[in-house]
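Below you'll find the structure, written out as structure tokens, and then a few comments.
Coordinate-derived values only; no laboratory data. Not measured: the values here are computed from a predicted model. Note: ideal-geometry Cβ built from the backbone for every residue, glycine included; neighbour counts use all protein chains shown.
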Amino acid sequence: MSRDAPKARGRARALLEIDLDAVVANWRILRDHARPAELAAVVKADAYGLGAEPVARALWEDGCRRLFVARLEEGLALRRLLPEAEILVLDGVGRGETEAFLAGRLVPVLNHPGELALWRQVAARVARRLPCALHVDTGMTRLGFTAAELEAAVADGMAELRPVLVMSHLACADEPDHPLNALQLERFRALARLLPEVPRSLAASSGIFLGRAYRFDLCRPGVALYGVNPTPREPNPMRPVVRLTAPILRVFTLREAATVGYGATYRAPAGARIATVPVGYADGLLRSLSGRGVARIAGIPVPYAGRVSMDLIGLDVSRVPEHLLAPGAEVELIGGPDGLDELARLAGTIAYELLTRLGRRFCRRYRRNGTGRP
Ligand SMILES: *Cc1c(COP(=O)(O)O)cnc(C)c1O
């Protein structure tokens, strides 16, 4: 792939480079930080848009044995790739899905008493203690057993099942001073005591950095693996994973003042230079970046000029020396240690959303073991 990459890229396609070595490096940073807790990896939503297959394969090769996905289909796809991994499905198991869970040897994260009853029935039918995880709600009010529901379930017994994890999820882990963190921690401790033999998990990416008390037996980061800063008020401890570049399609040097793009929202004076790149909101460069986003050419910041179109973005490149502006010259749209976080901020969103929306039209190149090969 690496040798053919320039050809595959074609004349006018944007290039999304995904550094799997950096994903693995981030996995090691988090693993070392979480110790003695074990580290799993969250690869839901196609590894946050970066490709669950290459990401999961690289992590497996580096020793990651437990992976979380959100949906059944994601779990089944991952099972085909990794026959021996423990794969947990955060959405839980629905009626009509039980056979697929069994066939895929997937571990459902049970979220309410109905699911528990269903999984117990299945276990009784196959006469085998089936693994499961139990999600308890501690203040997110999204998924998981309430305290009363868990007490009832424990009183009722679950001898048919083999719970491999009791877990909960923090709502404000990226805000270390938020009072809900300590409250969720306290509630989680109390609930997990009802299942004293079962390993516990509370922390995702940001929770790992809240201190030892939050790490329990297993941590389950997602976004930090992909280079996003899990400690937004501190320097980013993760290595950048994603770089998005695109070639310039054409450049205007304005002989008189003109407006740029739909709605004529950007007014450029005579003498200004406007470059157009083949990336737009259909590629996940959100329209809310209109008039706000910033790209770079040879390290020089170039602001988005006017509205983001479906397939194109205009850039005000007046500050860039002319010899760097030939058609085909490279523009960096996402890059650097805080590239994703910074662009997400400008778009009025979070890096999670930017990542998961990165489009399918890019030429994708994976870097692995120092090469361009996956
Ligand atoms: C998505 C998710 C994670 C991973 O969260 P990050 O903030 O991306 O690290 C962990 N646990 C649950 C329950 C999740 O839904």
Taking amide hydrogens as modeled 1.01 Å from N in the peptide plane, which residues meet the under 5 Å criterion relative to residue 258, leaving out close sequence neighbours? 268
Between residue 267 and residue 254, the two model label points (7 Å from Cα along the beta-carbon direction) sit apart by a distance in nm of 1.0 nm
Pull out the extension gain between residue 117 and residue 61, defined as 0.36 nm times the separation in residues minus the alpha carbon to alpha carbon distance; nm, one decimal. 16.5 nm
Loop trypsin sites (Lys or Arg not before Pro), segment 107-171 (other Cβ atoms within 10 Å of the site Cβ: 10 or fewer; DSSP): 142
With an 8 Å Cα cut-off and a minimum separation of 6 or more residues, compute the relative contact order for the chain in percent. 19 percent
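Which order do the peptides 44-52, 218-226, 346-354 take when ranked by the mean count of other beta-carbon atoms within 10 Å per residue, highest first?
218-226, 44-52, 346-354
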Coil-residue trypsin sites (Lys or Arg not before Pro) of segment 165-200, DSSP, other Cβ within 10 Å capped at 11: 193
Prolate/oblate/rounded label for segment 284-374 (Cα gyration tensor, a/c 1.5): oblate
FRET efficiency for residue 300 and residue 21, using Cβ-Cβ distance with R0 set to 22 Å, rounded to 0.05: 0.20
Between rounded, prolate and oblate, where does segment 259-306 land on the alpha carbon gyration tensor, with a ≥ b ≥ c its root eigenvalues, rounded for a/c under 1.5, else prolate if a/b exceeds b/c? oblate
Taking other Cβ within 10 Å of each residue's Cβ, how do 310, 158, 167 sort, fewest first? 310, 158, 167
Which residues among segment 123-150 fall inside the zone where the amide N is under 13 Å from a point 7 Å beyond the Cα of residue 183, along Cα→Cβ? 138-141
Which shape class, rounded, prolate or oblate, goes with segment 24-119 when its Cα gyration tensor gives a ≥ b ≥ c as root eigenvalues, a/c under 1.5 marks rounded, and past that a/b bigger than b/c marks prolate? prolate
Order by neighbour count: 313, 248, fewest other Cβ atoms within 10 Å first, most last. 248, 313
Neighbouring Cβ atoms within 10 Å as the yardstick, rank 135, 323 fewest first. 323, 135
